[in-house]
Structures are given as C-alpha cells and as structure tokens.
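Chemist: Let me begin by handing over the structure; questions about it come next.
The values are calculated or read from the model by the stated rules, or taken from the named source; none is laboratory data. Just so it is clear, the model here is predicted, and its values are computed rather than measured. Using ideal geometry, Cβ is built from the backbone for each residue, glycine included, and neighbour counts are taken over all protein chains shown. We work out accessible area using only protein heavy atoms, side chains counted, and drop any ligands, DNA or RNA first. Shrake-Rupley method; radii C 1.70, N 1.55, O 1.52, S 1.80 Å.
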Amino acid sequence: MVRLRRHADDLSYAAGLLCGLGVLVVGGFVQYREHLGSATDFTLFWAGSRALVEGIDPYSPATYHALLARYTTPTEAQVYGYAPWVAAALLPLAWLPLPIATDVWTFGTLLLAAFSLHALLRAMLSGVPLAHGLLGFALLASQPGIATFFSNQWGFLLVAAQATAVVSLRAGWPAGGLAMLVLLAKPQHFLFAGWAFVAASVARNVRAFAAVAVAGVLAVVGAIVLVARRELLGWIGLIVPDQVTRPPLLNDPAATTL
C-alpha cells in the first residue's frame, strides 16, 4: 500500500513538472530566455568569478566595469555586487564560456530544486498526490519559477537548499546543515532563514545540525578573511552601504519587458 501511494505521488509530481515545462515552452519563456542572452542576473554574479580568473579585483571600479562590459550589455554596475565567497564558489563556472556556464547554472539548479522538493514532499505530504502535482507545477510555472528560469537567478538553488535543510532536520541528519552555506549568497536570506533553521535544530534536539551549519559558515567567512581580506573590505565598504540605503524595488525591470 505504501509503495502504491508513493507511486501515485511520483507520477503526479512528474506530471506537474511536465505541465510546468509546457507553460515555459508555450508561454514563450524559453525563447525569451534565449533572447536575453548574457543580459541576465547570472552574468552579474558570474562576472565576479571571471574577474578572479583574469586577475582583476572585482571591487575596483577602474577595471571591473570594463570586464563586465565585455560580457554583457551596458550596466550601471561599477563593482561586483556579491560577497567574495560567491565569486569563490562560482569559480568552476568562470572557466566555462558564458553561454555554457549559464545553461549549466539554470538547468543544474533546476534539477537540484526538483529532486530536493520531491524529497520534501515525500517526507511531509506522502499519500497526497494532488499536492505533489501542484507543487511540481508551481516550481516551474509560478511567477517566481518563471522569473528564475529566464533571469537565471538564485531561486531554484535557494529552494533546493531550504528543502534539503527541512528534510535533514526531520530525519536528524547533521550534514544537512551545510545547506545553510547556500544562503550566504543572499545575506538577507541568511540572517532570517539561517538563524531560524539553527533555532529549529536546537528545538528539535538536532544540535549537530546547528553545529555543522555554524562551523561551515565560520569556515567560509574565516577563509575569505585570510585569503581575500582586501576584497571582503571592498564589498563591505562599497556594496553593503548601498544595499542598506537603496529604496526597495517594487518591480523587476526584467519581468516588465515580457
């Protein structure tokens, strides 16, 4: 009986994903993604890693803006907008040509999100095939899913990280705390979601999860302080004040061009 329920869940989830993919194709979002080319968010955080490969300081306006202009359409960005650990983490993609790196990012993170969400649904909604189908569909066909797909943003990877963290907490797997490292890419997510997962692990008496998460974060930040202190100070001095004082954006310019 359990196997039959899981089979129904899996079929429903696969059908939801296929229908979501159909929305991307029929709605023209696959074509729109190709039309954007290098003018997507991924280029902006790939460029910092590319700067390191080329021996350029990503937080130096004198050199970074010229590098970015070689790979994408003119932009207001004068320096790299992400923390140094993001540039370091994406170094493997920086060695690839930008179009290939973009495809690896989009479809790689999408697969991670699909598998992680599937594991989460199995853990929390086993025997409810309708929920599996709807959430599989929403992963691709919701407004955030569509925008993540064509803008090549962080959405799919963030879904994968948080779904992995939830499944790990429920199962008592300490290694799942490493998923918190993904949230470091978005400090606002890390400040709120990260501490919430740590608090939940303490409440569930899975303290090893919190220990792994905290140790992992400290190791990453500590390594950056030792190896790339100048870049870290550049990010703190140039980007953090701008992000804190900038008014919130009510609309995504990329989305309004559809």
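Chemist: May I ask you to compute the full-extension gain from V128 to H65, defined as 0.36 nm times their residue separation minus their alpha-carbon distance, rounded to one decimal in nm?
Modeler: Computed gain between V128 and H65 is 17.6 nm.
Chemist: I want to check the label-to-label distance for H7 and A39. Put each point 7 Å from Cα in the C-beta direction and report it in nm to one decimal.
Modeler: Roughly 5.0 nm, to one decimal.
Chemist: Another question about this same structure. If you take the square roots of the eigenvalues of the alpha-carbon gyration tensor of the range 73-156 and sort them as a ≥ b ≥ c, do you get rounded (a/c under 1.5), prolate (a/b over b/c) or oblate?
Modeler: prolate
Chemist: Show that you can apply the helix-only estimate: for the chain, add -39,500 (n - 2.57) for every DSSP H stretch of four or more residues, divide by all residues, and state [θ] at 222 nm to the nearest 500.
Modeler: -22500 deg cm²/dmol
Chemist: In Å, the Kirkwood hydrodynamic radius of the range 41-190 over pairs of distinct alpha carbons?
Modeler: This gives a value of 16.7 Å.
Chemist: By accessible area of protein heavy atoms, probe 1.4 Å, what ranking do E34, E76, E54 get, highest first?
Modeler: E76, E34, E54
Chemist: Can you give the accessible area per residue of the range 115-188, in Å², using a 1.4 Å probe?
Modeler: 39
Chemist: For the chain, which whole percent of the accessible surface, found with a 1.4 angstrom probe, sits on carbon and sulfur atoms?
Modeler: So the carbon and sulfur contribution to the accessible surface is 71 percent.
Chemist: Here's another thing I want to ask about it. Could you state the orientation-averaged shadow area of the convex hull built on the Cα atoms of the range 136-218, in nm² to one decimal?
Modeler: Directional mean of the projected Cα hull area for the range 136-218 stands at 5.5 nm².
Chemist: Sticking with this structure for a sec: On the principal axes of its Cα set, how long, how wide and how thick is the range 1-118? Give whole Å, largest value first.
Modeler: Extents along the principal axes, in whole Å: 64, 30, 21.
Chemist: Calculated FRET efficiency, R204 and A14, Cβ-Cβ r, R0 30 Å, to nearest 0.05?
Modeler: Efficiency computed from Cβ-Cβ geometry: 0.45.
Chemist: Largest first and in whole Å, what are the equivalent-ellipsoid semi-axes of the chain based on the Cα gyration tensor, each being the root of 5 times an eigenvalue?
Modeler: One finds semi-axes of 33, 25, 14 Å for the chain.
Chemist: Can I ask one more? To test your reading of the geometry: what angle, between 0 and 90 degrees and rounded to tens, separates the Cα axis of helix 129-141 from the longest principal axis of the chain?
Modeler: 20
Chemist: So, one more: Kindly report the accessible area of the range 47-96 per residue (heavy atoms of protein chains, probe 1.4 Å, no ligands, DNA or RNA), in Å².
Modeler: 45
Chemist: A follow-up question, please. Given L91, A51, L68, which one lies farthest toward the positive end of the charge dipole of the chain, if we put +1 on the Cβ of every Lys and Arg and -1 on the Cβ of every Asp and Glu?
Modeler: Positive-most Cα among the choices belongs to L91.
Chemist: Sticking with this structure for a sec: Give the shape of the range 121-169 as rounded, prolate or oblate, defined through the alpha-carbon gyration tensor: a ≥ b ≥ c are the square roots of its eigenvalues, a/c under 1.5 means rounded, and otherwise the shape is prolate if a/b is larger than b/c and oblate if not.
Modeler: Oblate shape, in that a/c is at least 1.5 and b/c is the bigger or equal ratio.
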